[in-house]
Amino acid sequence: MQTKPFFWESEVRELTHLLADVIYAEGTKETSGNPGNVRNLEALAAVILNRAQLETAHGADGKNLKKLCEAWLRETRLPPNADKDSPLFQACLRIARRALAGVLRDPTQGATRFCPEDQLPAWARGRTPAAAFGSYLYYREGA
């Protein structure tokens, strides 16, 4: 029987929590009145993974998912009253685990960006959203 090295398990655990933090931070901004909308939380996870894959394809190093999550958290910040024992954070943690295990279906059809539906950033002008969940619109690269 082959065992996994300890460092691998701790890296996966750290990445899972980082991804859950990002999903939670973005998910709590939900303005449609349902911040626990599972489909929207799954879409957020998918976009983050899609973005990391896109950056890897363009030459970023293998640790870019961790770097992407850390940068996202610097910009987004967890709410100061984030309750990591809350049902919402626990849902984000489960979604992060599924996403990293590769068993989360991508509801965004490969989107790499998203924005609130009441905003139109410069990068979204002239583009058609690939998906919409909650109060967010999801966009594929170049579409």
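For segment 8-36, a residue qualifies if it is at pLDDT below 85 and either outside any helix (DSSP H, G or I) or among the aliphatic types (A, V, I, L, M) (or both), and the qualifying residues are Val12, Thr28, Lys29, Glu30, Thr31, Ser32, Gly33, Asn34, Pro35, Gly36. Remark: Ala143 falls outside the filter, which requires a residue to be modelled with pLDDT under 90, among the hydrophobic types (A, V, I, L, M, F, W, C) and either crowded, with 18+ Cβ neighbours inside 10 Å or under 19 Å from Val22 (Cβ atoms) (or both).
For (1) under 21 Å from Asn34 (Cα atoms); (2) basic (Lys, Arg), each residue gets a yes or a no:
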residue	(1), (2)
Gln90	yes, no
Arg94	yes, yes
Arg97	no, yes
Ala101	no, no
Asp106	yes, no
Gln119	yes, no
Ala122	no, no
Gly134	yes, no
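Taken over segment 99-127, the criterion of being loosely packed, with under 14 Cβ neighbours inside 10 Å and either at pLDDT 95 or above or part of a helix (DSSP H, G or I) (or both) is satisfied by Ala101, Ala122, Trp123. Which residues, counting only those in segment 73-92, are part of a helix (DSSP H, G or I) and either at pLDDT below 85 or out of contact with any Asp or Glu (no Cβ under 9 Å at 6 or more places or on another chain) (or both)? Selection gives Leu73, Arg74, Glu75, Thr76, Pro87, Leu88, Gln90, Ala91.
Count of segment 118-141 residues, restricted to those that are in contact (Cβ under 8 Å) with a residue 24 or more places away in the chain and more than 14 Å from Leu44 (Cα to Cα), is 2. If you go through segment 38-65 and keep only what is modelled with pLDDT of 85 or more and of a type outside the set (A, V, I, L, M, F, W, C), you end up with Arg39, Asn40, Glu42, Asn50, Arg51, Gln53. Do you know which residues across segment 128-140 are of a type in the set (Ser, Thr, Tyr) and surrounded by 15 or more Cβ atoms within 10 Å (Cβ to Cβ)? Across segment 128-140, the qualifying residues are Ser135, Tyr136, Tyr138, Tyr139.
The values are calculated or read from the model by the stated rules, or taken from the named source; none is laboratory data. Remember, it's a predicted structure, so these values are computed and weren't measured experimentally. Cβ sites come from the backbone with ideal geometry, for glycine too, and all protein chains shown count toward neighbours.
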